[in-house]
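A short write-up of the structure that comes next.
The values are calculated or read from the model by the stated rules, or taken from the named source; none is laboratory data. Quantities reported herein were computed from a predicted structural model and do not represent experimental measurements. Cβ coordinates were reconstructed from backbone atoms using ideal geometry, including for glycine residues, and neighbour counts include every protein chain displayed. Quick note on the areas: whole protein, heavy atoms, side chains included, nothing else; ligands and nucleic acids left out. Shrake-Rupley method; radii C 1.70, N 1.55, O 1.52, S 1.80 Å.
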Amino acid sequence: QPPPQYYQVGGLRIDTRKRRASVGERWVTLPPIQYRLLLALAQREGEVVDCQELLRLVWGYEAEEAEARELVKVHIRQIRRRLGLSPEKHNYIHSVRGFGYMLAPPGEN
């Protein structure tokens, strides 16, 4: 079964056919790793996904927790910057300290 054409989490949309994302009207094409990372979180909306699992899903390899956490953190920061997400206004990617990350609408963490 093919994936849905769109994932939507609040005002954040991910277009799986054109491999792009938007918050509001502006569509952004993310680099492949960042797109796959955002998509992996969208596929498990509302669920905390640990960094080692994200590393396996997105990069396809195993690593120590500290390495996974640092690598994922860098790319999450870049996704937030590219999409114009900020903790005050559009906090869709929630960091769950000591566990991982969760994609959810702002205020639903």
Practice item. With only Lys, Arg, Asp and Glu charged, each at its Cβ (+1 for the first two, -1 for the last two), find how big the charge dipole of the chain is about the Cα centre; round to the nearest 20 debye. Key: 620 debye
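How much area per residue is accessible in the chain when the probe is 1.4 Å and only protein heavy atoms are counted (Å²)?
Working: 6490 Å² over 109 residues.
That works out to 60 Å² per residue.
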Check your understanding: Just one of (1) 8.9; (2) 10.2; (3) 6.6 is mean projected area of the Cα convex hull in nm² calculated from these coordinates, so which is it?
Key -> (3)
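Round to a whole number: what % of the accessible area of the chain belongs to carbon and sulfur, probe 1.4 Å?
Taking all protein chains in place, the chain shows 47 percent carbon and sulfur surface.
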Check your understanding: Scanning the chain for chymotrypsin sites (Phe, Trp or Tyr not before Pro) in DSSP loops with at most 11 other Cβ atoms within 10 Å, what's the longest stretch left with none?
Key -> 1-60
Check your understanding: Which GluC sites (Glu not before Pro) does the range 1-94 hold that lie in a coil by DSSP with at most 15 other beta carbons within 10 Å?
Key -> 25, 47, 62, 64, 88
Review point. If you average the sequence gap of Cα pairs under 8 Å that are 6 or more apart and divide by the length of the chain, what percent do you get for the contact order?
Key: 26 percent
Study note, to complete from the structure: GNM of the chain, Cα pairs under 10 angstrom: of 17, 36, 69, the biggest fluctuation goes to 17
Point to revise | Low-density loop positions, trypsin sites (Lys or Arg not before Pro), the range 73-109 - DSSP coil, at most 10 other Cβ in 10 Å | key: 89, 97
